[in-house]
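Comments concern the structure below.
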Amino acid sequence: MKSDELFALLRRRGVLWPSAEIYGGAQGLYDYGPLGAALKRRVEEAWAAWFVGLSHDYYLIQPAEILPEAVVRASGHLENFTDPEITCENCHTAFRAETILEKVRPEGVDGLLPTQIAEIVNSHHLKCPNCGSPALSVPRAFNLMFALDFGVSGKERAYLAPETAQGSYLSFARMWDVGRRALPLGVAVIGKAYRNEIAPRQVLFRMRSFTQAELQIFFDPAHFLVPFERARDEKLPVLRVPRREAGQESPEWVGAAELVASGLPEFYVYHLVHVFRFFRDVLRYPAERIRLFEKSDQERAFYNRIQFDVEVHLESLNGFKELGAVHYRGDYDLGRHSEGSGRDLSVTPTGGSKLLPHVLELTFGVDRNVWGLADTHLAKDGERTVWRLPPYLAPVPVGVFPLIAKEQAPYALALADTLAAAGVRTQYDDAGTIGKRYARMDEAGTPYCLTVDGPTVADGPEHDTVTLRDRDSKAQERVRAADLVARLRPALEPPRPARS
Ligand code: GAP
């Protein structure tokens, strides 16, 4: 589906809509309705089950979302968290420089100085994409953070967190004491990040307030042992820098062991494999649509030593889009915060020697993946529209219908309550024909529908049976009501990796 059509469908179904819509909307801000909020929660639960589930020493915390100025000065965000911006002096539209240069430099502007960007603009006589005027401003580095007056004096400055990662770094010393005082130590956060994006666009892709799920793994670079045998046989769709420089855009399938032989650290490849499996096996993006895009020295974020972005090809946005990444940040973060705070963040693990831990960051954009899951799994199937979400991601996993409301409503309502009490989320619906109710649930991604009919009630409490209808095959079978929880619950649990 095209982006506009998909957004219209999601809006109509109450998945999401522009924030402050009655005031004309606010660029880059979106509200989630009941289905969207529930889907987002399921994605977050699946992410936590998978990534926090990787080790007994990985924990989920919830830090504050406002950072004092000293923090963003030390982290480098005050100085470096910028995007080059160009404004049209005729129509006054602000653009990311990348947009102005799109046609002449499709690889983007990462690593270019404003002066180099200006040279490209001038040499190609580039014009405003909005009004066609050649009067474009000199590019400037625009800081993407939202600044706040903090407290009543107006003298203190603070910033809305531009990434959740900073909360993990600020909590590291505390977590060291709370945990087993051993490395690796994982500190995960699922929370809001705020960026004053120059040109918010593509709905959930460039938002000004969005949700990230990030795991920071603190480790000793000399001793980060991982059970690599669990990853060795996986092949990954990588697009490495030399292949890109040779003009290729498609990935090649390379074995995990081969990637290590090429010089990538084992711990890095092990986690890249788990990230790939999360996208393929948990979110169920088709493997052939996934690409692990290696960033070059010039393109990497300022804190990274190794960076592969996880990209998925999305039809609605006409190409590969970054939905997550694996960042090897070295000792940059704890080093900068040790300096900035005056508190030495080095640690001495039991039986080891003192060191400043390095950081491996697994980052994931929750909103972008909500869009990705709609793009990939929501499709027309003849007359019907079906959202083929994995059952454990479905906002509402089970629909419960009385065939004839007047007769079976009390039973169906009681069944819905019994399932809810057992932890199975349900939606009761008695409006319209059964076909219409199935259609509504198909569009909402509900994998199972239960219909209570005449025979159900006649069977008597011991023998009650209901019709269970499967969204994808449309197959129907009679199932004992008493068996439903045991039957449905396993499919509603997100997959977990083997823990180390
Ligand atoms: N802590 C590292 C970090 O923040 P990033 O590449 O800037 O790295 C991580 O962001 C992820 O957050 C991205 O892969 C993307 O999924 C998501 N993301 C970044 N900017 C976003 C925006 N403006 N709107 C929605 N999602 C965004």
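Looking only at residues in the stretch 159-173 that are within 13 Å of the ligand (Cβ to nearest atom) and over 11 Å from Tyr194 (Cβ atoms), which one is farthest from the chain's Cα centre (by Cα)? Explain how you work it out, then say what you get.
Here is the first cut: in the stretch 159-173, the residues within 13 Å of the ligand (Cβ to nearest atom) are 160-169.
From what's left, over 11 Å from Tyr194 (Cβ atoms): 165-169.
Values: Ala165: 14, Gln166: 17, Gly167: 18, Ser168: 18, Tyr169: 20 Å.
My answer is Tyr169.
Among the residues of the stretch 9-28, are any surrounded by fewer than 16 Cβ atoms within 10 Å (Cβ to Cβ) and in contact with a strand residue (DSSP E or B) (Cβ under 6 Å, 6 or more places away or on another chain)?
In the first step, residues of the stretch 9-28 are kept if they are surrounded by fewer than 16 Cβ atoms within 10 Å (Cβ to Cβ); the result is 12, 14, 20-27.
Applying the additional criterion that residues be in contact with a strand residue (DSSP E or B) (Cβ under 6 Å, 6 or more places away or on another chain) yields 25.
Yes: the stretch 9-28 contains one or more residues that are surrounded by fewer than 16 Cβ atoms within 10 Å (Cβ to Cβ) and in contact with a strand residue (DSSP E or B) (Cβ under 6 Å, 6 or more places away or on another chain).
Give the residue, chosen from Leu60, Leu35, that is in a strand (DSSP E or B), modelled with pLDDT of 95 or more and within 21 Å of the chain's Cα centre (by Cα).
On the way: Leu35 fails: in a strand (DSSP E or B).
Every option except Leu60 fails the conditions.
Going through Arg368, Arg388 one at a time, which residue ends up being in contact with an Asp or Glu (Cβ under 9 Å, 6 or more places away or on another chain), within 16 Å of the ligand (Cβ to nearest atom) and within 18 Å of Val282 (Cβ to Cβ)?
Details: Arg388 fails: within 16 Å of the ligand (Cβ to nearest atom).
Only one candidate qualifies: Arg368.
Quick test of your reading of the structure: Gln298 fulfils all but one of (1) at pLDDT 95 or above; (2) assigned to a loop (DSSP other than H, G, I, E, B); (3) not aromatic (Phe, Trp, Tyr). Name the failing condition by number.
It fails just one condition, (1).
What pairs come out if I take residues in the stretch 162-189 that are at pLDDT 95 or above and pair them with residues that are part of a helix (DSSP H, G or I) and away from the ligand (no atom under 16 Å from the Cβ) whose C-beta lies under 6 Å away, six or more apart or interchain?
Val187/Met175; Ala188/Val52
Tell me which residues, restricted to the stretch 320-365, are in a loop (DSSP other than H, G, I, E, B), modelled with pLDDT of 95 or more and either in contact with a His (Cβ under 9 Å, 6 or more places away or on another chain) or within 14 Å of the ligand (Cβ to nearest atom) (or both).
Hits for the stretch 320-365 are Asp331, Arg343, Leu345.
Does Thr467 meet the test of being hydroxyl-bearing (Ser, Thr, Tyr), at pLDDT 95 or above and in a loop (DSSP other than H, G, I, E, B)? Can you show your working first?
Working: hydroxyl-bearing (Ser, Thr, Tyr): yes; at pLDDT 95 or above: yes; in a loop (DSSP other than H, G, I, E, B): no.
No, not satisfied.
Residues Asp472, Asp442: which one is in a helix (DSSP H, G or I), under 30 Å from Pro286 (Cβ atoms) and not assigned by TED's automatic domain parsing to the domain that holds Phe279?
Working: Asp472 fails: in a helix (DSSP H, G or I).
The match here is Asp442.
Just the residues that are of a type in the set (Phe, Trp, Tyr), over 30 Å from Phe267 (Cα atoms) and touching a Leu at 6+ places or on another chain (Cβ under 8 Å), please, taken from the stretch 136-186.
To start, the set of residues in the stretch 136-186 that are of a type in the set (Phe, Trp, Tyr) comprises 142, 146, 150, 159, 169, 172, 176.
Adding the requirement that they be over 30 Å from Phe267 (Cα atoms) leaves 142, 146, 150, 159.
Phe146, Tyr159, listed by residue number.
Residues that are more than 14 Å from the ligand (Cβ to nearest atom), surrounded by fewer than 20 Cβ atoms within 10 Å (Cβ to Cβ), part of a loop (DSSP other than H, G, I, E, B) and in contact (Cβ under 8 Å) with a residue 60 or more places away in the chain: does the stretch 302-318 have at least one? Full working, then the answer.
From the stretch 302-318, those more than 14 Å from the ligand (Cβ to nearest atom) are 313, 315-316, 318; that's our starting set.
Now narrow it down to the ones that are surrounded by fewer than 20 Cβ atoms within 10 Å (Cβ to Cβ): 313, 315, 318.
When the remaining residues are screened for being part of a loop (DSSP other than H, G, I, E, B), the result is 318.
Checking the rest, the ones that are also in contact (Cβ under 8 Å) with a residue 60 or more places away in the chain come to none.
No, because not a single residue in the stretch 302-318 is more than 14 Å from the ligand (Cβ to nearest atom), surrounded by fewer than 20 Cβ atoms within 10 Å (Cβ to Cβ), part of a loop (DSSP other than H, G, I, E, B) and in contact (Cβ under 8 Å) with a residue 60 or more places away in the chain.
If Arg181 satisfies all but one of (1) in a strand (DSSP E or B); (2) more than 18 Å from Pro68 (Cα to Cα); (3) charged (D, E, K, R), what's the number of the condition it fails?
All conditions pass for Arg181, except number (1).
Report yes if some residue within the stretch 410-429 is buried (at least 22 other Cβ atoms within 10 Å of the Cβ) and more than 16 Å from Leu484 (Cβ to Cβ); otherwise report no.
The answer is yes, given that some residue of the stretch 410-429 is buried (at least 22 other Cβ atoms within 10 Å of the Cβ) and more than 16 Å from Leu484 (Cβ to Cβ).
Might you check whether a residue that is within 16 Å of the ligand (Cβ to nearest atom) and in contact with a Ser or Thr (Cβ under 9 Å, 6 or more places away or on another chain) occurs anywhere in the stretch 221-231?
Initially, the stretch 221-231 is screened for residues within 16 Å of the ligand (Cβ to nearest atom), giving none.
Scanning the stretch 221-231, I find no residue that is within 16 Å of the ligand (Cβ to nearest atom) and in contact with a Ser or Thr (Cβ under 9 Å, 6 or more places away or on another chain), so the answer is no.
Can Phe95 be described as under 30 Å from Gly247 (Cα atoms), within 31 Å of the chain's Cα centre (by Cα) and in contact (Cβ under 8 Å) with a residue 24 or more places away in the chain?
On the way: under 30 Å from Gly247 (Cα atoms): yes; within 31 Å of the chain's Cα centre (by Cα): yes; in contact (Cβ under 8 Å) with a residue 24 or more places away in the chain: yes.
So Phe95 passes the test.
Please indicate, with yes or no, whether at least one residue in the stretch 253-262 is modelled with pLDDT of 95 or more, among the acidic types (Asp, Glu) and crowded, with 17+ Cβ neighbours inside 10 Å. Let's see the steps before the verdict.
Within the stretch 253-262, the first condition is being modelled with pLDDT of 95 or more, and the residues that meet it are 253-262.
Checking the rest, the ones that are also among the acidic types (Asp, Glu) come to 258.
From what's left, crowded, with 17+ Cβ neighbours inside 10 Å: none.
Checking the stretch 253-262: not a single residue is modelled with pLDDT of 95 or more, among the acidic types (Asp, Glu) and crowded, with 17+ Cβ neighbours inside 10 Å.
So for the stretch 5-16 (the condition being part of a loop (DSSP other than H, G, I, E, B) and either touching a Pro at 6+ places or on another chain (Cβ under 8 Å) or modelled with pLDDT of 95 or more (or both)), does at least one residue qualify? Steps first, please.
Here is the first cut: in the stretch 5-16, the ones part of a loop (DSSP other than H, G, I, E, B) are 13-15.
Subset that is either touching a Pro at 6+ places or on another chain (Cβ under 8 Å) or modelled with pLDDT of 95 or more (or both): 14-15.
Yes; the residues of the stretch 5-16 include at least one that is part of a loop (DSSP other than H, G, I, E, B) and either touching a Pro at 6+ places or on another chain (Cβ under 8 Å) or modelled with pLDDT of 95 or more (or both).
Can you name every residue in the stretch 189-207 that is buried (at least 18 other Cβ atoms within 10 Å of the Cβ), more than 10 Å from the ligand (Cβ to nearest atom) and among the aliphatic types (A, V, I, L, M)?
Those that are buried (at least 18 other Cβ atoms within 10 Å of the Cβ), more than 10 Å from the ligand (Cβ to nearest atom) and among the aliphatic types (A, V, I, L, M): Ile190, Ile198.
I'm trying to understand the selection: among the residues of the stretch 222-250, which are of a type in the set (D, E, K, R) and either closer than 14 Å to Ser296 by Cβ or not assigned by TED's automatic domain parsing to the domain that holds Phe279 (or both)? Break it down into steps so the answer makes sense when it comes.
From the stretch 222-250, those of a type in the set (D, E, K, R) are 229-230, 232-235, 240, 243-245, 249; that's our starting set.
Those that are of a type in the set (D, E, K, R) and either closer than 14 Å to Ser296 by Cβ or not assigned by TED's automatic domain parsing to the domain that holds Phe279 (or both): Arg240, Arg243, Arg244, Glu245.
Within the stretch 371-384, which residues are small (Gly, Ala, Ser) and away from the ligand (no atom under 16 Å from the Cβ)? Steps first, answer last, please.
We begin by selecting, within the stretch 371-384, every residue small (Gly, Ala, Ser); these are 372, 374, 379, 382.
Hits for the stretch 371-384 are Ala379, Gly382.
With respect to Asn122, determine if the residue is among the polar types (S, T, N, Q) and touching a residue at least 24 places away in the same chain (Cβ under 8 Å). Quick ask: steps written out before the conclusion?
On the way: among the polar types (S, T, N, Q): yes; touching a residue at least 24 places away in the same chain (Cβ under 8 Å): no.
For Asn122, the condition - among the polar types (S, T, N, Q) and touching a residue at least 24 places away in the same chain (Cβ under 8 Å) - is not met.
The values are calculated or read from the model by the stated rules, or taken from the named source; none is laboratory data. These numbers were taken from a predicted model, which means no experiment stands behind them. Positions of Cβ are backbone-derived with ideal geometry, glycine not excepted, and every protein chain shown enters the neighbour counts.
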